[in-house]
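The values are calculated or read from the model by the stated rules, or taken from the named source; none is laboratory data. Just so it is clear, the structure is predicted and the values come from calculations on it, not from any experiment. Cβ sites come from the backbone with ideal geometry, for glycine too, and all protein chains shown count toward neighbours. Only protein heavy atoms, including side chains, enter the accessible area calculation; ligands, DNA and RNA are left aside. Shrake-Rupley method; radii C 1.70, N 1.55, O 1.52, S 1.80 Å.
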Amino acid sequence: MKLEDIERKVREGERLSFDEGLFLMNSPDLLAVGRMADIVRDRKNGKKTFYIINRHINHTNICVNECRFCAFQRQSGEDGAYSMPLEEILKSAEDNYSDEISEFHVVGGLNDELPYSYYRDVIAKLHEKYPSVHLQAYTAVEIEYFSRISGMSIEKVLRNLKSAGLGSLPGGGAEIFDNTVRSKICPNKISGDEWLSVMETAHAVGLRSNATMLYGHIERPEDRIDHLVRLRELQDKTSGFMAFIPLAFHPKNTEIDHQHFTTGQLDIRMLAVSRLMLDNFDHIKAFWIMISPQLSQLSLFFGVDDIDGTVIEERITHSAGAETSQSLTVSELEEMIREAGREPVRRDTLYNQLSSAVTG
Ligand code: V47
């Protein structure tokens with residue numbers, strides 16, 4: 001196999017195979033991989049680089065899944081365990097609230113002390129108080145859990161939450177689909193097939209979603225490409241995914257703490273290879289909270305067209321040793337994008353362009 005042949009396929013818009021993905025994952029010529037990813041990015045998004053003004057809300061860290069890569073989760077009664085009553089969630093949404101915020105990103109643990117009605121009320125109350133803010137809430141893993149505790153089908157849960165105000169699903173919980181790796185890092189979590197099936201149902205009821213992959217732990221390059229190919233297959237069927245976000249594993253305070261933090265070359269390569277393999281995804285997002293604003297800016301030359309957003313108070317990665325700040329201002333985000341020669345575009349969750357930028 002030759003890099004030039006892959007480059008020809010990329011230029012002609014042809015789909016890359018599993019083996020070609022693996023070849024790119026292992027190629028010493030990172031700049032060539034990045035150049036190819038940049039061709040695809042430019043074709044799909046031109047000079048536009050997207051960001052959103054959002055706020056993360058992590059309502060509870062109590063979780064029955066006990067994933068080995070997670071430093072955020074606690075058992076109930078354990079030191080640091082919390083679950084926010086509805087009033088506290090509303091208060092946390094209100095802190096630093098401004099009309100510029102267009103999304104609340106709500107993700108938490110599978111807390112068996114809370115009934116399904118709590119999870120539904122979180123959506124209903126937030127929607128009631130902030131009807132114009134898009135609620136991107138609950139991963140496929142949480143949705144499947146709600147189905148078990150409520151006795152409703154997954155489709156019914158999704159319809160029920162949608163009627164309460166749910167706007168779309170975040171991409172978390174995907175981790176790595178491969179069963180062998182998955183059974184080692186998160187043995188109690190739903191399988192990759194189940195994750196994909198929840199997403200398929202969400203797309204069928206009109207809820208769009210993102211997709212993620214957790215990399216940099218014990219997975220092999222093959223597992224990463226397998227993950228991307230399986231996402232691509234579902235996207236062929238539903239077109240329901242908006243963005244793909246590779247998430248760099250943070251080992252601190254986890255049970256996989258012998259691992260190092262991911263390296264810059266792996267972070268950049270993962271984004272570029274994702275851009276190349278996921279030819280049917282419109283957006284590849286660098287989550288600056290995990291890989292730093294500096295690397296996120298560089299990734300704009302390696303296939304990335306979205307750098308997430310202002311975020312505010314992210315707890316999952318920071319529990320696992322992230323040293324990034326917990327928020328960036330709009331002017332910092334815009335400056336990063338402009339300095340890389342791109343045009344900053346403030347978006348809403350569904351990638352509609354919003355009015356001109358603010359400073360702050
Ligand atoms: O599902 C957990 C990951 C995810 C660690 O959809 C960890 O736009 C690194 O999914 N090191 C939650 N990662 C966050 C998430 C997300 C983030 C930003 C944007 C979007 C989106 C989704 O965080 C979890 C898990 O895969 N995670 N522990 C850790 N130690």
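Can we say Ile149 is at pLDDT 95 or above, away from the ligand (no atom under 16 Å from the Cβ), within 13 Å of Met199 (Cα to Cα) and not hydroxyl-bearing (Ser, Thr, Tyr)?
no
Is it the case, given these coordinates, that His105 is more than 24 Å from Cys70 (Cβ to Cβ) and not in a loop (DSSP other than H, G, I, E, B)?
It is false that His105 is more than 24 Å from Cys70 (Cβ to Cβ) and not in a loop (DSSP other than H, G, I, E, B).
Evaluate the following for Lys162: is it touching a residue at least 40 places away in the same chain (Cβ under 8 Å), part of a helix (DSSP H, G or I) and within 28 Å of Ala286 (Cβ to Cβ)?
So Lys162 fails the test.
Taking the stated definitions as given, is Val141 closer than 19 Å to Phe72 by Cα, at pLDDT 95 or above, open to solvent by less than 70 Å² (accessible area, probe 1.4 Å) and of a type in the set (Val, Ile, Thr)?
Against the criterion (closer than 19 Å to Phe72 by Cα, at pLDDT 95 or above, open to solvent by less than 70 Å² (accessible area, probe 1.4 Å) and of a type in the set (Val, Ile, Thr)), Val141 qualifies.
Can you give me the number of residues within the stretch 201-247 that are under 30 Å from Met152 (Cβ atoms), more than 17 Å from the chain's Cα centre (by Cα) and not polar (S, T, N, Q)?
So the answer is 6.
Cβ contacts < 7 Å: first residue touching a residue at least 60 places away in the same chain (Cβ under 8 Å) and within 16 Å of the ligand (Cβ to nearest atom), restricted to the stretch 316-339; second residue assigned to a helix (DSSP H, G or I) and open to solvent by 30 Å² or more (accessible area, probe 1.4 Å), any location; separation 6+ or different chain. Result?
Matching pairs, first to second residue: Thr317/Met290; Ala322/Met290.
Could you please give the count of residues in the stretch 213-230 that are within 14 Å of the ligand (Cβ to nearest atom) and in contact with a Phe, Trp or Tyr (Cβ under 7 Å, 6 or more places away or on another chain)?
6
Determine whether the stretch 32-51 contains at least one residue that is more than 30 Å from Gln353 (Cβ to Cβ), under 21 Å from the mean Cα position of the chain (by Cα) and open to solvent by 20 Å² or more (accessible area, probe 1.4 Å).
No, the stretch 32-51 contains no residue that is more than 30 Å from Gln353 (Cβ to Cβ), under 21 Å from the mean Cα position of the chain (by Cα) and open to solvent by 20 Å² or more (accessible area, probe 1.4 Å).
Listed here are the residues, each with its yes/no results for (1) under 28 Å from Thr60 (Cα atoms); (2) of a type in the set (Val, Ile, Thr); (3) under 20 Å from the mean Cα position of the chain (by Cα).
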| position | (1), (2), (3) |
| --- | --- |
| Leu295 | no, no, yes |
| Phe302 | no, no, yes |
| Arg315 | yes, no, yes |
| Glu323 | yes, no, yes |
| Arg338 | no, no, no |
| Asn352 | no, no, yes |
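Identify all residues within the stretch 306-326 that are touching a Ser or Thr at 6+ places or on another chain (Cβ under 8 Å) and over 12 Å from Met290 (Cα atoms); write none if there are none.
Passing the criteria: Asp306, Thr310, Ile312, Glu313.
Report, by residue number, each residue of the stretch 288-307 that is surrounded by fewer than 22 Cβ atoms within 10 Å (Cβ to Cβ) and either within 15 Å of the ligand (Cβ to nearest atom) or among the small types (Gly, Ala, Ser) (or both).
Within the stretch 288-307, Ser292, Pro293, Leu295 qualify.
Step by step: first the residues of the stretch 233-265, then only those that are more than 13 Å from the ligand (Cβ to nearest atom) and more than 30 Å from Asn352 (Cβ to Cβ), then the one that is modelled with the lowest pLDDT. Which residue is that?
Result: His258.
Out of Ala81, Ala71, Ala37, which single residue is part of a helix (DSSP H, G or I) and not charged (D, E, K, R)?
Answer to the selection: Ala37.
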